[in-house]
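The values are calculated or read from the model by the stated rules, or taken from the named source; none is laboratory data. This structure is a prediction, so every number in the text was calculated from the model and none was measured. Please note: Cβ atoms are built from the backbone with ideal geometry, for glycine as well, and neighbour counts cover all protein chains shown.
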Amino acid sequence: MDAARINLPSGKPTLAMSVYPVESVGQDAWTRSTEYTKASIEHYSEKWLEYPYPAAINVAGNEGGMEYPGIVFCNYESKAASLWGVTDHEFGHIWFPMIVGSNERLHAWMDEGFNTFINSLSSAAFNDGEYKDPERNMHRFSSVLVNNNLEPVYTSPDNLKERNLGILAYYKPGAGLSLLREHILGPERFDEAFKAYINRWAYKHPTPDDFYRTIENVVW
């Protein structure tokens, strides 16, 4: 087990902690887990809303990744970009859907999709872009994004084909928010509106219409 202080905007004392077996030790593996945890929490706290718990604990387990308030479980075999990605993603869930409490069983895109989007920004910011997502040619992915054989993004997870969940809940809404930020509104206007949404609906239970109204209200 190791730990480090998380520097929150308010100065509130908070620890980043990692617990992992000796098999996971390594500078390209779990030895950097606490560094990843600390960076992830500090980024989201500074950019969107401060982390609310006294500790952020990353535990090495035999699952791919799973999140709970204040503690996440990531695969003990993950290394480098893979470990950063799963750690950052699972802690991103603290903001969606634990702080902004959207109904993930009904609107998965407001959970996984919003989280996928903020993950792309934290990855670009971490350690001067060490694990920044590569630039994607959206034209190449257009056949996926507008595929008529896919269910609508609005479809609840238990009413869509399981093989489509990754596209509909994670990738497509995340890509849509990135397009809105980078190519339509611009980062400054979008970030102001998205931060307002998080702050207005923190510890509440917004619907999709609440999200749309907040973004429109702030932007226009």
Only one residue in 200, 181 is crowded, with 18+ Cβ neighbours inside 10 Å, under 20 Å from residue 45 (Cα atoms) and among the charged types (D, E, K, R). Which one?
181
Hits in segment 69-80 (condition: out of contact with any strand residue (DSSP E or B) (no Cβ under 7 Å at 6 or more places or on another chain) and either closer than 25 Å to residue 50 by Cα or surrounded by 24 or more Cβ atoms within 10 Å (Cβ to Cβ) (or both))
69
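This table checks each residue for (1) within 30 Å of residue 209 (Cβ to Cβ); (2) charged (D, E, K, R).
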| position | (1), (2) |
| --- | --- |
| 127 | no, no |
| 131 | no, no |
| 135 | no, yes |
| 141 | yes, no |
| 145 | yes, no |
| 158 | yes, yes |
| 163 | yes, yes |
| 166 | yes, no |
| 169 | yes, no |
Does residue 94 count as touching a residue at least 12 places away in the same chain (Cβ under 8 Å) and over 25 Å from residue 216 (Cα atoms)?
no
Checked pairs for segment 178-194, first free of Cβ contacts under 8 Å to residues at least 60 places away in the same chain, second among the aliphatic types (A, V, I, L, M), C-beta under 7 Å and 6 or more apart or across chains, list as 185/219; 189/219; 190/180; 192/218; 193/215; 193/218; 193/219
Within segment 17-45, which residues are among the small types (Gly, Ala, Ser), in contact with an Asp or Glu (Cβ under 8 Å, 6 or more places away or on another chain) and more than 20 Å from residue 128 (Cα to Cα)?
18, 24
May I ask you to say which residue of 130, 151 is under 30 Å from residue 29 (Cα atoms), modelled with pLDDT of 95 or more, outside the structural domain of residue 39 (by TED's automatic domain parsing) and part of a loop (DSSP other than H, G, I, E, B)?
130
I'd like the full set of residues that are among the small types (Gly, Ala, Ser) and touching a Phe, Trp or Tyr at 6+ places or on another chain (Cβ under 9 Å), limited to segment 71-117.
78, 80, 81, 85, 92, 101, 102, 108, 113
With the structure loaded, tell me whether residue 123 is assigned by TED's automatic domain parsing to the domain that holds residue 172, among the hydroxyl-bearing types (Ser, Thr, Tyr) and modelled with pLDDT under 95 or whether it fails that test.
no
Enumerate the pairs (first residue in segment 135-162 and of a type in the set (Lys, Arg); second residue anywhere and in a loop (DSSP other than H, G, I, E, B)) with beta-carbon separation below 8 Å, excluding pairs fewer than 6 apart on the same chain, so at least 6 apart or on different chains.
161/151
